Amino acid sequence: MSDADQIRTIRSQALAVIAQITAAPKPSYEVDGQRVAWGDYLAQLRATVEWCDRQLAGDDPFELHTTGGTP
């Protein structure tokens, strides 16, 4: 599996979790001193998707056209 394929997989997994979280939102809570902040988790997942998008955008092939000139 190439790096680009792995990034696409990570992006897809993050989007799936985002879909689950937003379909049935839960409140943040604290149990035995451990805090679960769903809003923070959602923001982290969105940042992961954005990172993947940036990585994949840099992975696309491109053409560079130049013209030669005399010095």
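The values are calculated or read from the model by the stated rules, or taken from the named source; none is laboratory data. Everything quoted here is computed from the prediction, not taken from an experiment. Note that we place each Cβ from the backbone using ideal geometry, even for glycine, and neighbour counts take in every protein chain shown. Protein only, heavy atoms only, side chains kept; ligands, DNA and RNA dropped before computing areas. Shrake-Rupley method; radii C 1.70, N 1.55, O 1.52, S 1.80 Å.
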> Based on the Cβ-Cβ distance of residue 47 and residue 1, what FRET efficiency does E = 1/(1 + (r/R0)^6) give at R0 = 30 Å, to the nearest 0.05?
Replying inline: 0.85
>> At 1.4 Å probe size, put 11, 54 in order of accessible surface, largest to smallest.
In response: 54, 11
>> Solvent-accessible area of residue 31, probe 1.4 Å, all protein chains present, reported in Å² to the nearest ten, please.
In response: 80
> If you average the sequence gap of Cα pairs under 8 Å that are 6 or more apart and divide by the length of region 5-52, what percent do you get for the contact order?
Replying inline: 50
